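The values are calculated or read from the model by the stated rules, or taken from the named source; none is laboratory data. The shown structure was predicted, so the numbers you read here are calculated from the model rather than taken from an experiment. Please note: Cβ atoms are built from the backbone with ideal geometry, for glycine as well, and neighbour counts cover all protein chains shown. Remember, those area values only see protein heavy atoms, side chains included, never the ligands or the DNA or RNA. Shrake-Rupley method; radii C 1.70, N 1.55, O 1.52, S 1.80 Å.
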Amino acid sequence: MRRLGSVQRKMPCVFVTEVKEEPSAKREQQPFKVLATETISHKALDADICSAIPTEKVDGTCCYVTTYKDQPYLWARLDRKPNKQADKRFKNFLHSKENSKEFFWNVEEDFRPVPESWIPAKEIEQLNGNPVPDENGHIPGWVPVEKNNKQYCWHSSVVNYEFEIALVLKHHPDDPGLLEISAVPLSDLLEQTLELIGTNINGNPYGLGSKKHPVHLLIPHGAFQIRNLPSLKHNDLLSWFEGCREGKIEGIVWHCSDGCLIKVHRHHLGLCWPIPDTYMNSKPVIINMNLNKYDYVFDTKCLFNYFSKIDNQKFGRLKDIILDV
């Protein structure tokens with residue numbers, strides 16, 4: 001499994017963006033759209049975007065694998081946000097901002113409390129030992145996914161800490177046209193970020209599972225590389241998203257050689273998401289669990305047990321996997 005960039009902060013768009021005063025199709029109650037112009041951004045050019053590796057932007061929630069309690073653990077994204085008073089002060093500043101001024105945050109007093117186990121995301125700026133909030137006034141960070149935490153029950157459904165394994169969706173190692181669901185050691189995923197997708201995540205754009213039998217999976221960031229992307233021109237990318245089977249995805253993330261990540265979302269180009277038939281669901285998928293080596297009786301209701309019962313089965317699409325065994 002080749003490692004590419006880690007998603008630890010907000011990714012900039014490959015194009016310079018502009019705000020249009022129209023209701024957003026991406027976020028309810030947002031009275032504006034953020035649309036891409038035809039100009040490639042300086043950040044993208046400085047990161048040598050033309051030599052970067054383009055990958056599919058997967059629609060889920062961001063996760064991270066790092067050590068906790070002396071073992072590999074899955075961590076959920078939890079941004080530290082300002083309290084009401086600080087948020088009001090920050091928004092007033094944004095509306096009356098002068099170029100010569102900077103907003104001053106008091107990190108100890110301005111932000112809502114987070115669990116003791118919370119850690120700030122890597123790569124964010126530090127000032128006097130404190131993380132610096134981003135342009136939205138948030139401090140990106142992570143919290144460990146404890147086994148019995150109801151808030152993160154869908155995260156915990158894809159990991160087993162007794163055997164330190166995770167349910168991962170990726171390309172089959174011998175056939176790039178085939179997807180594979182397998183149990184991967186968490187140690188193999190250390191310091192990687194991944195996307196959690198499934199029945200109860202972001203409206204389930206890939207149609208996984210059902211209310212009675214929810215299905216959730218982890219996808220390492222950068223796992224689905226795009227092979228035949230057109231030139232970095234606004235109209236060419238627009239045509240690719242609209243007319244190519246490979247373009248039936250949420251967006252593109254370019255992994256640059258310096259570790260920088262650059263993105264474009266369908267909404268940046270005025271296109272809809274989610275869409276009925278995604279590219280991910282056009283590929284067959286095989287189950288490859290191989291859990292016999294653990295000599296362990298898994299909980300009958302857990303995903304590892306369900307997948308072990310359909311081990312070695314092949315399905316035409318991800319959405320065809322119905323765990324009613």
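To keep it simple, each residue is scored yes or no on (1) in a loop (DSSP other than H, G, I, E, B); (2) open to solvent by 20 Å² or more (accessible area, probe 1.4 Å); (3) in contact with a helix residue (DSSP H, G or I) (Cβ under 9 Å, 6 or more places away or on another chain).
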residue: 276; (1), (2), (3): yes, yes, no
residue: 286; (1), (2), (3): no, yes, no
residue: 293; (1), (2), (3): no, yes, no
residue: 307; (1), (2), (3): no, no, no
residue: 312; (1), (2), (3): yes, yes, no
**OP:** Could you look through segment 295-305, keep only residues that are in contact (Cβ under 8 Å) with a residue 60 or more places away in the chain and in a loop (DSSP other than H, G, I, E, B), and pick out the one that is farthest from residue 56 (Cα to Cα)?
**Re:** 296
Original post:
Quick one: would you say residue 146 is touching a Pro at 6+ places or on another chain (Cβ under 9 Å) and acidic (Asp, Glu)?
Top reply: no
Original post:
Do you know which residues across segment 125-173 are more than 30 Å from residue 106 (Cα to Cα), among the aromatic types (Phe, Trp, Tyr) and touching a Phe, Trp or Tyr at 6+ places or on another chain (Cβ under 9 Å)?
Top reply: 161, 163
Original post:
Do the conditions hold for residue 114, that is, is it within 26 Å of the chain's Cα centre (by Cα), more than 30 Å from residue 319 (Cβ to Cβ) and modelled with pLDDT of 90 or more?
Top reply: yes
Original post:
Can you name the residue in segment 22-47 that is more than 29 Å from residue 142 (Cβ to Cβ) and touching a Cys at 6+ places or on another chain (Cβ under 8 Å) and is also modelled with the lowest pLDDT among such residues?
Top reply: 25
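Residues checked against (1) modelled with pLDDT under 95; (2) among the charged types (D, E, K, R); (3) at negative phi:
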position: 233; (1), (2), (3): no, yes, yes
position: 250; (1), (2), (3): no, yes, yes
position: 261; (1), (2), (3): no, no, yes
position: 286; (1), (2), (3): no, no, yes
position: 295; (1), (2), (3): yes, yes, no
Original post:
Of all the residues that make up segment 246-267, how many are under 16 Å from residue 42 (Cα atoms), of a type in the set (D, E, K, R) and out of contact with any strand residue (DSSP E or B) (no Cβ under 8 Å at 6 or more places or on another chain)?
Top reply: 1
Subject >> Matching residues in segment 67-79 - criterion: being in contact with a Cys (Cβ under 8 Å, 6 or more places away or on another chain) and either of a type in the set (Gly, Ala, Ser) or open to solvent by less than 40 Å² (accessible area, probe 1.4 Å) (or both) >> reply: 74, 75, 76
Original post:
Which residue pairs have Cβ atoms under 6 Å apart, sit 6 or more places apart or on different chains, and have a first residue in segment 4-15 that is assigned to a loop (DSSP other than H, G, I, E, B) and a second that is open to solvent by less than 30 Å² (accessible area, probe 1.4 Å) and among the polar types (S, T, N, Q)?
Top reply: 6/193; 7/193
**OP:** Return yes when residue 43 is out of contact with any Pro (no Cβ under 8 Å at 6 or more places or on another chain), open to solvent by 40 Å² or more (accessible area, probe 1.4 Å) and not in a strand (DSSP E or B) and no when it is not.
**Re:** no
**OP:** Evaluate the following for residue 237: is it part of a helix (DSSP H, G or I), in contact (Cβ under 8 Å) with a residue 12 or more places away in the chain and closer than 23 Å to residue 4 by Cβ?
**Re:** yes
Original post:
in contact with a His (Cβ under 8 Å, 6 or more places away or on another chain), open to solvent by less than 20 Å² (accessible area, probe 1.4 Å) and of a type in the set (Ser, Thr, Tyr), is that true of residue 199?
Top reply: no
